[in-house]
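A short write-up of the structure that comes next.
Just so it is clear, none of the values below were taken in a lab; they were calculated from the coordinates. Everything quoted here is computed from the prediction, not taken from an experiment. When we count neighbours, we look across all protein chains shown, and the Cβ atoms used for this are built from the backbone with ideal geometry, even at glycine.
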Amino acid sequence: MIPGFRFKLNPLMLLLFLLFFSVFTGLSLWQSFRVAEKQQALADIELANNTAPFAVYQLTDQLILAHRYYRASATGRFDTGACLYVENVVFKGQPGLYLYCPFTLEGDERSLLVNMGWLKRPVDRLNLPPIKVPSERLTIDGVIQLPRSRPVVTAGVDKPNTEQEKLWVYFDFEYLKAQTKLDFYPIELQLTSPIAPLLEREWPQYEAKIGMHIGYAIHWAAFALATLILFIKFNFKRIRHE
């Protein structure tokens, strides 16, 4: 007991205190754990990217998806006949396109979707530059990333390449698989090798957002502390001596 004070239990207030205090404390701890996870992920990526690239070869989906943002390498040949442009890609405020090409892995039954880079949209969007991708056996390097997702709203466009076969207004991975009959890995490799055509290849870096998670942890901890202070204030009464 606190000298000069007496505790007067209010069952409803006690229940509300336990509920809110546990929720706010739990959220604060969760954000603290997220900080530790992001710091470890950032350290792992930096360490891996300072060593030899991660080899893409006969991997499981679970394993390759766990290595997002890692440098990776693959050996094989580009399927030059299946390359395509995807519109509506903004880079540094400029509208443009991505060039995608399937890459047939040597000794592997699965193919790899390679993002060759960004180029500025031509004045006549239907007058596309010819696709000149090497067809010989190559070893390529890049960054593992998730493919662009199909937009929820497609303005009534059932398939992405209604105007030209090689010009897609949006990217649809499932449509590409159906068109090419290829078994793709569930990622795209954002090319970093100096392979023609030399396009813009300034790829997004891993954003840990550690400061944001620390801020949220402090935010929820402050709420938990405020809940405790209010509970004490309303349940401990000063003893008045007549």
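Which whole-number percent gives the relative contact order of the stretch 60-128, counting Cα pairs below 8 Å spaced six or more residues apart?
Worked out over the stretch 60-128, it gives 25 percent.
Scan the chain and note any complete DSSP helix (H) whose C-alpha atoms cover at least 24 Å along its axis and whose Kyte-Doolittle average is 1.0 or more.
Once both thresholds are applied, what remains is 210-235.
Subtract the Cα-Cα distance of Ala36 and Lys166 from 0.36 nm times their separation in residues, and report this length gain in nm to one decimal.
Working it through step by step, the gained length comes to 42.4 nm.
Between Lys92 and Val123, with labels modelled 7 Å along Cα→Cβ, what's the label distance in nm to one decimal, could you check?
2.2 nm
Give me the net charge for the shell around Asp124: Cβ to Cβ below 14 angstrom, other residues only, Lys and Arg +1, Asp and Glu -1.
Once all neighbours under 14 Å are counted, the net charge is +1.
Provide the net charge surrounding Asp44, with neighbours chosen by a C-beta distance below 13 Å and charges set as Lys +1, Arg +1, Asp -1, Glu -1.
So the environment of Asp44 carries a net charge of +1.
I want to check the label-to-label distance for Met13 and Ile218. Put each point 7 Å from Cα in the C-beta direction and report it in nm to one decimal.
That separation, rounded to one decimal, is 3.1 nm.
What order do you get for 221-228, 83-90 when each peptide is scored by the mean count of other beta carbon atoms within 10 Å, highest first?
The most tightly packed comes first, giving 83-90, 221-228.
Cα centroids of the stretch 117-191 and the stretch 9-74: how far apart, whole angstrom?
Cα centres, the stretch 117-191 to the stretch 9-74: 31 Å.
Give me the count of lysine pairs in the chain whose alpha carbons sit under 26 angstrom apart, restricted to pairs 8 or more positions apart or on different chains.
18
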